[in-house]
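Structure, as structure tokens:
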Amino acid sequence: MGRRRGIMSQRFKEELAKELGFYDVVQKEGWGAIRAKDAGNMVKLAIQKAEQHLAEKTK
């Protein structure tokens with residue numbers, strides 16, 4: 001099975017990591033070094049931002 005292309009852009013992931021406070025880990029050790037909890041929080045924040053964007057768009 002081939003590797004799937006990510007849905008989030010690199011820039012968006014970096015923005016989320018900065019907002020959540022673990023971007024320094026990403027810079028030093030790469031995405032594979034982040035904790036599972038941080039990855040989960042990043043997904044939650046991305047979903048919240050997407051929902052906010054859709055809500056604003058439908059107003």
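In table form, for the structure just shown:
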| quantity | calculated |
| --- | --- |
| Filtered residues of segment 20-52 (kept if small (Gly, Ala, Ser), open to solvent by less than 60 Å² (accessible area, probe 1.4 Å) and assigned to a helix (DSSP H, G or I)) | Ala33, Ala39, Gly40, Ala46, Ala50 |
| Given (1) open to solvent by 60 Å² or more (accessible area, probe 1.4 Å); (2) part of a helix (DSSP H, G or I), number of the condition Arg5 does not satisfy | (2) |
| Selected residue (only one of Glu51, Glu56, Glu15, Glu29 is within 11 Å of the chain's Cα centre (by Cα) and at negative phi) | Glu15 |
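The values are calculated or read from the model by the stated rules, or taken from the named source; none is laboratory data. All figures in this text were calculated on a predicted structure; none of them were measured in a lab. Surface areas here come from the heavy atoms of the whole protein model, side chains and all, with no ligands, DNA or RNA. Shrake-Rupley method; radii C 1.70, N 1.55, O 1.52, S 1.80 Å.
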